[in-house]
Amino acid sequence: MAEFQANISDPKDCKAYKRTLSESDSSALIGRSIGDEIDGIFVSLPGYRLQITGGSDGSGIPMRPGLAGGQRKRMLLSHSTGFRPQRPGQRKRKMVRGKELGPEITQLNLKIIEYGPKTVEELLGAEG
């Protein structure tokens with residue numbers, strides 16, 4: 001089954017925390033999409049709400065919000081997720097993954113949108 005490395009961003013303190021999710025928590029997130037809100041209990045943050053902002057699979061291919069499903073696809077990209085051009089107007093065909101979480105995803109990016117009663121430092125420790 002899948003095991004996710006969660007990168008949790010705290011916009012209030014401008015810090016990021018890393019957390020490895022267990023298989024049971026990871027399997028509960030399979031099928032969710034970029035932009036979905038999840039409960040913080042999955043990442044040891046009870047009382048918090050988090051938003052899925054992206055991720056990548058084991059070979060480093062990024063997830064793209066505009067691509068439905070969870071499959072890999074080669075797309076012609078300009079300046080956006082998955083490609084940073086070297087000169088103006090440059091486009092390139094790059095491999096990207098759809099916005100749906102699947103068992104192939106290894107890294108998951110999350111952003112805190114609602115805070116709980118305890119601080120993130122107290123719950124996750126000084127890992128940031």
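Which whole-Hz ³J(HN,Hα) couplings does the range 101-108 yield from phi under the Karplus relation 6.51 cos²θ - 1.76 cosθ + 1.60, θ = phi - 60°, glycine and proline marked x?
6, x, x, 7, 6, 10, 10, 10
Ranked highest first by average number of other Cβ atoms within 10 Å, how do 24-30, 10-16 line up?
Highest mean packing first, the order is 24-30, 10-16.
Could you work out the local net charge near D39, counting Lys and Arg as +1, Asp and Glu as -1, over the other residues with Cβ closer than 12 Å to its Cβ?
Every neighbour counted, the sum reads -2.
What whole-number distance in Å separates the alpha-carbon centres of the range 23-63 and the range 74-90?
Taking the Cα centre of the range 74-90 as reference, the centre of the range 23-63 is 26 Å away.
Pick out which of E100, E23, E37 has the largest mean-square fluctuation in a Gaussian network model of the chain, springs linking Cα atoms closer than 10 Å.
E23
At 222 nm, what value in deg cm²/dmol follows for the chain if DSSP H runs of at least 4 each add -39500 (n - 2.57) and the sum is divided by all its residues, to the nearest 500?
Theoretical 222 nm ellipticity from helices: -2000 deg cm²/dmol.
How long are the three semi-axes of the equivalent ellipsoid for the range 52-128, computed from the Cα gyration tensor as the root of 5 times each eigenvalue, in whole Å, largest first?
30, 16, 11
Count charges around G54 for me, please; just the other residues with Cβ under 11 Å from its Cβ, Lys/Arg as +1, Asp/Glu as -1.
Overall, the nearby charge balance is +4.
Once phi is turned into θ = phi - 60°, what whole-Hz ³J(HN,Hα) does the Karplus curve with 6.51, -1.76 and 1.60 give for every residue of the range 73-86, x standing for Gly and Pro?
8, 8, 10, 7, 10, 9, 4, 5, 4, x, 7, 10, x, 8
Restricting attention to the alpha-carbon atoms of the range 1-123, what are Rg (one decimal) and Dmax (integer), both in Å?
15.4, 48
In sequence order, what are the phi-derived ³J(HN,Hα) couplings for the range 7-14 according to the Karplus relation 6.51 cos²θ - 1.76 cosθ + 1.60 with θ = phi - 60°, rounded to whole Hz, with x for glycine and proline?
Once rounded to whole Hz, the list reads 9, 9, 9, 10, x, 6, 9, 6.
Which cross-chain or sequence-distant (5 or more) residues have an amide H under 5 Å from the amide H of D57, H modelled 1.01 Å from N in plane?
The answer is T106.
By DSSP, what percent of the beta bridges with both residues in the range 1-108 are antiparallel, rounded to the nearest 5?
90 percent
Computed from the coordinates by the stated procedures, all read-outs in this text should not be read as laboratory data. Source: prediction; values computed, not measured. When we count neighbours, we look across all protein chains shown, and the Cβ atoms used for this are built from the backbone with ideal geometry, even at glycine.
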